[in-house]
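Structure, as structure tokens:
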Amino acid sequence: MAFNDLFLRACRSEPVEMTPVWMMRQAGRFLESYRALRKKADFLTMCKTPELAAAATMLPVNEVGVDAAILFSDILIPIEPMGMELQFTPAPLFPDPIRNRAQIDALRVPDPEESVPFVMDAVRLLRKELDGKVPLIGFSGAPFTLATYMVEGGGSKSYIHLKSLMYQEPGLYAALMDKITDTVIRYLNAQIAAGAQAVQVFDTWGGILSPGDYETFDLPYTRRVIEGLNREGVPVIHYVGTGSALLSKIKEAGSDVVGVDWRIDLDEARKILGPGIAVQGNLDPTALFAPIPEIERRVKEILDRVGDAPGHIFNLGHGILPPTPEAHAKAFVDAVHRYSKKSG
Ligand code: CP3
């Protein structure tokens with residue numbers, strides 16, 4: 001099996017014979033084989049058992065033909081050892097959310113090899129198992145997105161608790177963000193040391209902030225994470241959900257690749273980001289519920305917008321949805337390969 005490094009070359013904005021493609025949340029419930037594996041253990045147990053996490057990671061690589069593997073885990077895994085109980089119901093839940101200074105003071109900045117060794121063990125296992133077939137992506141939540149869960153206690157519509165903390169007690173907010181930022185830097189560097197060949201920072205909820213608030217309350221911490229990484233030869237992807245109005249600021253965080261959702265066309269995103277930054281995206285995940293010829297048409301449209309300029313990793317604009325028909329996800333991946341192939 002030849003080494004497929006399309007993904008890594010595209011991350012570095014180098015020319016490729018074919019556009020690489022993977023899907024956020026590709027190791028998940030849309031796959032029949034995942035649902036079968038998941039019958040053996042609950043989600044957190046799967047995350048904490050390297051053999052099960054590795055098996056889940058491999059499913060979309062073997063069954064869907066994606067050009068990168070992403071570690072099966074969750075963005076909330078490093079929060080538990082900071083000192084917060086975590087449950088999945090299946091939505092994530094912190095029963096004792098952060099609401100005061102004493103709770104923030106009590107948070108730890110844990111050593112990842114000691115507190116979450118199963119993550120690095122899974123990375124090491126996967127590098128052996130993948131054996132160069134496709135590169136392995138490690139990941140973390142961005143400090144801001146992690147703070148939304150820690151302070152709200154779970155998902156939220158209006159983020160009133162977190163925004164109250166930001167606006168009423170900016171010093172306390174900064175103290176919380178400093179601890180999360182240090183935790184994320186150690187966590188990602190441990191994954192890189194264990195063998196992750198690229199890392200993605202998921203700022204899924206960054207787009208709930210106005211551009212001014214993003215600049216004050218999110219960007220400085222994400223930038224510190226990216227600056228703190230041992231990134232030699234390891235591309236950094238920075239994804240901000242609903243972030244199209246923030247691209248000129250996202251650029252300042254300093255990643256190699258910016259993940260873009262479907263609310264902006266990729267040619268326009270590239271104009272804002274400028275040369276030297278690759279883009280990842282950006283098919284609307286619900287487009288996979290369209291008939292296959294329509295999925296193919298939309299793939300072509302996105303490829304046409306990017307044109308011949310290097311530096312595009314095809315992906316969805318957000319995670320693949322659990323009810324997505326498997327055949328449609330496969331048709332999507334095949335269409336990217338087929339229509340992007342350079343002739344001659
Ligand atoms: O991309 C991959 O396939 C790798 C694994 C991965 C998971 N979560 C597995 C998972 C990754 C990269 C994540 C990231 C993640 N987790 C994000 C950021 C990306 C995004 O989608 O916005 C966020 C916000 C979370 C928090 C989280 N974890 C949520 C909101 C949920 C969904 C709960 C629900 O009701 O669907 C999870 C659970 C989760 N994470 C599952 C998987 C496969 C489903 C768990 C199950 O099997 O029951």
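The values are calculated or read from the model by the stated rules, or taken from the named source; none is laboratory data. Since we're looking at a predicted model, the values are computed, not measured. Using ideal geometry, Cβ is built from the backbone for each residue, glycine included, and neighbour counts are taken over all protein chains shown. Calculation scope for accessible area: heavy atoms of the full protein, side chains included, ligands and nucleic acids excluded. Shrake-Rupley method; radii C 1.70, N 1.55, O 1.52, S 1.80 Å.
Of note:
- Here the strands (runs of 3 or more DSSP E) wholly within region 238-344 that include at least 2 residues being within 30 Å of Val225 (Cβ to Cβ), touching a Pro at 6+ places or on another chain (Cβ under 9 Å) and not basic (Lys, Arg) are 312-316.
- The number of residues in region 257-274 that are touching a residue at least 24 places away in the same chain (Cβ under 8 Å), open to solvent by 10 Å² or more (accessible area, probe 1.4 Å) and out of contact with any Lys or Arg (no Cβ under 7 Å at 6 or more places or on another chain) comes to 4.
- The listed residue being surrounded by fewer than 23 Cβ atoms within 10 Å (Cβ to Cβ) and without any contact (Cβ under 8 Å) to a residue 12 or more places away in the chain, out of Thr286, Thr242, Thr216: Thr216
- Residue tally, condition within 14 Å of the ligand (Cβ to nearest atom), surrounded by fewer than 14 Cβ atoms within 10 Å (Cβ to Cβ) and within 26 Å of Ile70 (Cβ to Cβ), over region 126-175: 1
- Residues that are under 22 Å from Gly154 (Cβ atoms) and over 26 Å from the mean Cα position of the chain (by Cα), drawn from region 105-122: Ala106
- Sub-8 Å Cβ pairs linking a first residue in region 315-337 that is in contact (Cβ under 8 Å) with a residue 12 or more places away in the chain to a second residue that is within 16 Å of the ligand (Cβ to nearest atom) and basic (Lys, Arg), at least 6 apart or interchain, are Gly317/Arg263; Gly319/Arg25; Ile320/Arg25; Pro322/Arg29, ordered by first then second residue.
- Condition check for Asp334: more than 21 Å from the chain's Cα centre (by Cα) and either of a type in the set (Phe, Trp, Tyr) or modelled with pLDDT under 95 (or both): no
- Condition met for Met84 (open to solvent by less than 30 Å² (accessible area, probe 1.4 Å) and farther than 26 Å from Ala175 by Cβ): no
- Region 183-210 residues that are at positive phi, paired with ones that are more than 13 Å from the ligand (Cβ to nearest atom) and among the acidic types (Asp, Glu) (beta carbon under 7 Å, 6 or more apart): none
- Among the numbered conditions (1) in contact (Cβ under 8 Å) with a residue 60 or more places away in the chain; (2) touching a Gly at 6+ places or on another chain (Cβ under 7 Å), the only one that Tyr34 does not meet is (1).
- Of everything listed in (1) small (Gly, Ala, Ser); (2) modelled with pLDDT under 95; (3) touching a Gly at 6+ places or on another chain (Cβ under 6 Å), the single unmet condition for Ala196 is (2).
- Filter result for the condition that a residue is more than 19 Å from Pro112 (Cα to Cα) and either more than 15 Å from the ligand (Cβ to nearest atom) or open to solvent by 40 Å² or more (accessible area, probe 1.4 Å) (or both), over Arg223, Arg231: Arg223
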